[in-house]
Amino acid sequence: MKKIRFTLTYMIYTMKKLSFLQIIAFLLLLTCASCGTQDDLIDQPPYEQPEERPDELPDELPDEQPQPTATFRDAPYLIGCAVVPSLLQNNSKYAGVVQEEMSSITPENALKMGALSRGRGSYFWDDADYLVEYAANNRMRVHGHTLIWHTDLPGWVTGFSGTKEEWIALMQEYIHEVVGRYQGSIASWDVVNEAFNDDGTYRNTIWYENIGEEYIRLAFEFAHEADPTAILFYNDYGMEYSMAKREAICTLVKDLREEGVPVHGIGLQMHIDMYRSASDLKASIQAAADCGVWVHVSEMDVACNPEKKTDFTFTEKIAQQQKDSYQAMSEALLSLPAHQRFGITFWGVCDAHSWLTPAPDAPLPFDSNFEKKPAYEGITGTFDK
Ligand code: XIL
């Protein structure tokens, strides 16, 4: 009792010492501390009644995995595909995949000499123009494929007879016309395609026959004259399986560059099958990079039925093996310095439209219904490694 009386006397004594305003401020502080600030209230979501909990939880939770969030557009290099104008125009699913996933396109056939040239000085531009405009509207890079190749030539060229100088003039005229037309809108070109045999000797093409091996150097010089900003590639297949071809291509590119010829990159087509080892893929990519140029995986597909068996089925096991090949390819490109990764281009959008699938096969990351296959995740899974 004595203690209580002492405490009360002490409180009255203390309050007498405080001013009226100090007491009000103290009371206000007490109130605010218990109710939060104005900002806290604004940030709070409206209160929701929790749903009634089921009495029992289901025995098994659905085993659906969360979808991977990365898309091809998130790649640390540009991913693209070969495209066909009529499919882009008439197939909305096809166009949807290209728009959502691709950062780069390569006309599959529209820029080949057989498609463009209708006679000397006469050209059919419609398809190529459409694709270039499409890419500009969708902020995509266009890779030009291909200027000088031994096949898909118009009749007037295969039937041409002339001196070496006349052949050079024909080639110069063609390259100037085509590259010049798309100066600034086609970023890069496969200037020469498939100039070597698998044993590393020069392929006996119409160009080689009439001009000699010099045709390669000249083609690059003509392309550079027509568009000095374009990135110029030598493109071929087989660097992953033929040491002789790998050696021949690297020697050509290094020699030309030493002579000051504008060769800026090597395109490795990579029409491979799922049995190709990851070390072969990596070694060929590294060999190209060792030439000090851009590296483009320019026409990739992974055949699952290279034997072309008529009773082929795309099983889960095959899907995984194919996924490993795509993953290894992306890892190989990512092992290069960023300034040498030109990108990966798939040769087609989905399995149904691949150049390989008159035979039963499933070579691309999207199936015939434009659904993502395990291969897709094989690639996207490498992005943050
Ligand atoms: C193929 C196209 O995909 C086919 O549609 C066409 O009928 C023939 O050419 N290497 C190349 C590509 O450089 O141009 C080829 O494209 C595939 C092999």
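Residue by residue through the stretch 117-123, which ³J(HN,Hα) values in whole Hz follow from phi under the Karplus form 6.51 cos²θ - 1.76 cosθ + 1.60 (θ = phi - 60°), with glycine and proline marked x?
9, 10, x, 5, x, 10, 10
By per-residue mean of other Cβ atoms within 10 Å, what is the highest-first order of 130-143, 110-123?
130-143, 110-123
Taking amide H positions as placed 1.01 Å from N in the peptide plane, with prolines and chain starts having none, which residues 5 or more places from T345, or on another chain, fall under 5 Å of its amide H?
G80, V297, S298, E299, M300
For K385, put the label point 7 Å out on the Cα→Cβ axis and report which residues of the stretch 285-323 keep their amide N under 13 Å from it.
Only 323 fall inside the zone, counting backbone N under 13 Å.
In sequence order, what are the phi-derived ³J(HN,Hα) couplings for the stretch 272-277 according to the Karplus relation 6.51 cos²θ - 1.76 cosθ + 1.60 with θ = phi - 60°, rounded to whole Hz, with x for glycine and proline?
10, 10, 5, 8, 5, 6
Measure off, as a whole percent, the carbon and sulfur share of the 1.4 Å-probe accessible area of the stretch 249-349, all protein chains present.
It is 49 percent, rounded to a whole number.
Can you pick out the pairs among K112/K282; K254/K323; K112/K164 whose Cα atoms lie more than 25 Å from each other?
Cα-Cα > 25 Å for K112/K282; K254/K323; rest within.
Would any residue of the stretch 262-288 have its amide N under 19 Å from a label point 7 Å out along Cα→Cβ of D152? List them or say none.
266-272, by backbone N distance to the label point.
Between L334 and E209, what length comes free when the chain is fully extended (0.36 nm per residue of separation minus the Cα-Cα distance, one decimal in nm)?
Computed gain between L334 and E209 is 41.1 nm.
Rounded to the nearest Å, what's the spacing between the alpha carbon centres of the stretch 258-318 and the stretch 156-178? Just the number, please.
31
Starting at the first residue of the stretch 81-91, write each ³J(HN,Hα) from the Karplus equation 6.51 cos²θ - 1.76 cosθ + 1.60 with θ = phi - 60°, in whole Hz, x for Gly and Pro.
Result, rounded to whole Hz: 8, 6, 10, 10, x, 5, 6, 4, 6, 10, 10.
List the residues whose amide H sits under 5 Å from the amide H of D273, counting only those 5 or more places along or on another chain, with H placed 1.01 Å from N in the peptide plane.
Correct list: A303.
How high is the FRET efficiency from N138 to T69, r the C-beta distance, R0 25 Å, rounded to 0.05?
With R0 = 25 Å, the Cβ-Cβ based efficiency is 0.70.
The values are calculated or read from the model by the stated rules, or taken from the named source; none is laboratory data. Since we're looking at a predicted model, the values are computed, not measured. When we count neighbours, we look across all protein chains shown, and the Cβ atoms used for this are built from the backbone with ideal geometry, even at glycine. Only protein heavy atoms, including side chains, enter the accessible area calculation; ligands, DNA and RNA are left aside. Shrake-Rupley method; radii C 1.70, N 1.55, O 1.52, S 1.80 Å.
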